[in-house]
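Chemist: Handing you a structure now.
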């Protein structure tokens, strides 16, 4: 990474699970660098969904380095997920034709409920399947998979945690960390956001700001995808030996009313 810049630049690891992100600074110039970001980043930048892409460079090793604006800002607080701007930006993302077109060109196919259920069947280990709340959630997914239908296939972020929403000093909202993006039912994003941050008696109001009505069908789809995402998170944290995080997801799963 250092040989892209002169010695006067300071390169600092930005943390994260992959170790592929860095901050670069020289006097007043500041950049956020990432190794092997998806080509999707250019369209996200053009749409104003992530901080501006400054340049892209391919190294002799074959790695691709992207540089984005490094903005002063902060992540959203959990209580701020009820902000109008969150609902508006999420809808803009979901129904962006340029984003959808780029994901299709990258070879992404729409995620079907049956595919997701199949992943649960193959990935959940026997120890987890013996837990009552896991067994109940898995039974719900199997029983309802045939009722999960959505004509809209949109670009979903798939990790709308408040930590991934960046509010800049000039009050511009961004959604970052797009490594898990896919084409799917928008209920994947909406459901996890509502279940995680919005009181149930405010769901209809939040959805109105997004542009949807809280129908029985939408409630079923949200619950189905939330249960599936919770199971996937439980298995992943267990495989990483992150048992305290796994326990939080188990509690989250147990709170879902079937």
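Chemist: Can you pull out the residues in the range 209-258 that are assigned to a loop (DSSP other than H, G, I, E, B) and either in contact (Cβ under 8 Å) with a residue 24 or more places away in the chain or in contact with a helix residue (DSSP H, G or I) (Cβ under 6 Å, 6 or more places away or on another chain) (or both)?
Modeler: 211, 214, 256, 258
Chemist: Only one residue in 49, 65 is modelled with pLDDT of 95 or more, touching a strand residue (DSSP E or B) at 6+ places or on another chain (Cβ under 7 Å) and not assigned by TED's automatic domain parsing to the domain that holds residue 147. Which one? Steps first, answer last, please.
Modeler: Numbers: 65 fails: modelled with pLDDT of 95 or more.
It is 49.
Chemist: Out of curiosity, is residue 68 touching a helix residue (DSSP H, G or I) at 6+ places or on another chain (Cβ under 8 Å), surrounded by 18 or more Cβ atoms within 10 Å (Cβ to Cβ) and under 16 Å from residue 228 (Cβ atoms)?
Modeler: no
Chemist: Moving on to the next point. Conditions first: (1) out of contact with any helix residue (DSSP H, G or I) (no Cβ under 7 Å at 6 or more places or on another chain); (2) in a strand (DSSP E or B). Residue 42 passes all but one, so which condition is the exception?
Modeler: (2)
Chemist: Out of all the residues in the range 189-203, which are in contact (Cβ under 8 Å) with a residue 12 or more places away in the chain and under 21 Å from residue 254 (Cβ atoms)?
Modeler: Matches in the range 189-203: 191, 192, 193, 194, 195, 196, 197, 198.
Chemist: Going residue by residue through the range 111-131, is there one that turns out to be within 24 Å of residue 193 (Cβ to Cβ), in the same structural domain as residue 196 (by TED's automatic domain parsing) and in contact with a strand residue (DSSP E or B) (Cβ under 7 Å, 6 or more places away or on another chain)?
Modeler: The answer is yes; a qualifying residue exists.
Chemist: Considering every residue within the range 157-176, establish whether at least one is out of contact with any strand residue (DSSP E or B) (no Cβ under 8 Å at 6 or more places or on another chain), closer than 26 Å to residue 217 by Cβ and in a helix (DSSP H, G or I).
Modeler: no
Chemist: Sticking with this structure for a sec: Residues in the range 92-108: is at least one touching a helix residue (DSSP H, G or I) at 6+ places or on another chain (Cβ under 7 Å), surrounded by fewer than 18 Cβ atoms within 10 Å (Cβ to Cβ) and outside the structural domain of residue 39 (by TED's automatic domain parsing)?
Modeler: Among the residues of the range 92-108, at least one is touching a helix residue (DSSP H, G or I) at 6+ places or on another chain (Cβ under 7 Å), surrounded by fewer than 18 Cβ atoms within 10 Å (Cβ to Cβ) and outside the structural domain of residue 39 (by TED's automatic domain parsing), which makes the answer yes.
Chemist: Sort through 170, 125 and tell me the only one that's farther than 21 Å from residue 254 by Cβ and over 19 Å from the mean Cα position of the chain (by Cα).
Modeler: Result of the check over 170, 125: 170.
The rows are residues; the columns are (1) within 30 Å of residue 98 (Cβ to Cβ); (2) assigned to a strand (DSSP E or B); (3) over 10 Å from the mean Cα position of the chain (by Cα).
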site: 178; (1), (2), (3): yes, no, no
site: 183; (1), (2), (3): yes, yes, yes
site: 195; (1), (2), (3): yes, no, yes
site: 201; (1), (2), (3): no, no, yes
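The values are calculated or read from the model by the stated rules, or taken from the named source; none is laboratory data. Just so it is clear, the model here is predicted, and its values are computed rather than measured. For neighbour counting, all protein chains shown are included, and Cβ atoms are generated from backbone atoms with ideal geometry for every residue, glycine included.
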